[in-house]
1. Can you name every residue in the range 1-43 that is among the β-branched types (V, I, T) and under 14 Å from the mean Cα position of the chain (by Cα)?
2. Does T106 satisfy the criteria of being free of Cβ contacts under 8 Å to residues at least 12 places away in the same chain, open to solvent by 50 Å² or more (accessible area, probe 1.4 Å) and at negative phi?
3. Only residues that are surrounded by 13 or more Cβ atoms within 10 Å (Cβ to Cβ) and either among the acidic types (D, E) or in contact with a Pro (Cβ under 6 Å, 6 or more places away or on another chain) (or both): list them for the range 49-103, please.
4. When the residues of the range 17-34 are filtered to those that are in a helix (DSSP H, G or I) and out of contact with any strand residue (DSSP E or B) (no Cβ under 8 Å at 6 or more places or on another chain), which remaining residue is farthest from L111 (Cα to Cα)?
5. State whether one or more residues within the range 18-38 are surrounded by 19 or more Cβ atoms within 10 Å (Cβ to Cβ), within 26 Å of E98 (Cα to Cα), touching a Lys or Arg at 6+ places or on another chain (Cβ under 9 Å) and among the β-branched types (V, I, T).
6. Do you know which of the residues in the range 63-93 that are modelled with pLDDT of 90 or more and β-branched (V, I, T) is nearest to S103 (Cα to Cα)?
7. Just a yes or no: is a residue in the range 99-109 modelled with pLDDT under 85 and not small (G, A, S)?
8. Name the single residue, out of those in the range 39-48 being open to solvent by 30 Å² or more (accessible area, probe 1.4 Å) and touching a residue at least 24 places away in the same chain (Cβ under 8 Å), that is nearest to L8 (Cα to Cα).
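The values are calculated or read from the model by the stated rules, or taken from the named source; none is laboratory data. Just so it is clear, the model here is predicted, and its values are computed rather than measured. All Cβ positions, glycine included, derive from the backbone under ideal geometry; neighbour counts span all protein chains shown. Heads up: the accessible areas ignore ligands, DNA and RNA and are worked out on the full protein's heavy atoms, side chains in. Shrake-Rupley method; radii C 1.70, N 1.55, O 1.52, S 1.80 Å.
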Amino acid sequence: MSETTLYLFDGYNLLHAGTFRDASELADRLADFVALQGARGVVVFDGVGDDTSYGPLEVRFAPHADALLERLAAENREREQVCLVSSDAAVRGTSGQEVRKLSSQTFLRDLTPARHEAPSPSRLADRLDEATRARLERLRRGR
């Protein structure tokens, strides 16, 4: 079995378990998560929509998300590690013993917020050696 993990996410199950504004915000967070893990992911939502990809995360829509999640788990569990994230007992029960299962609440509890820190502004004084700083300070004070 390879080192990479395929995360299968029950979209609306996760959306309602968390504090996300909408499905787009959830997809953004999941895309960050799988990218940072060096993994792949598929989030599946019930209903109709445009399938798309955000880097290593696929966003899929299906009339029956549970059936698609079960099929994806079955198709991939032999060749890579699969982790199913859903609180739906029926989906978790039919995904197979080889599949790691996490409830939506457990996954969200452990999901750290994405941090986008802006670099601190560069100051000229931070790039000067001590002797140069001392000479400039003397000049400033008129000595």
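1. From the range 1-43, those among the β-branched types (V, I, T) are 4-5, 19, 34, 42-43; that's our starting set.
Those that are among the β-branched types (V, I, T) and under 14 Å from the mean Cα position of the chain (by Cα): T5, V34, V42, V43.
2. Numbers: free of Cβ contacts under 8 Å to residues at least 12 places away in the same chain: yes; open to solvent by 50 Å² or more (accessible area, probe 1.4 Å): no; at negative phi: yes.
So T106 does not fit the description; no.
3. E58, D66, E70, E80, D88, E98
4. Going through the range 17-34, the residues in a helix (DSSP H, G or I) turn out to be 17, 23-34.
Going one step further and asking which of them are out of contact with any strand residue (DSSP E or B) (no Cβ under 8 Å at 6 or more places or on another chain), we end up with 17, 24-25, 29, 32.
Numbers: A17: 13, S24: 17, E25: 14, R29: 9, D32: 10 Å.
Within the range 17-34, the match that is farthest from L111 (Cα to Cα) is S24.
5. yes
6. Once the filter is applied, the top-ranked residue is V85.
7. Of the range 99-109, the ones modelled with pLDDT under 85 are none.
No.
8. Step by step, filter the range 39-48, then rank; the result is R40.
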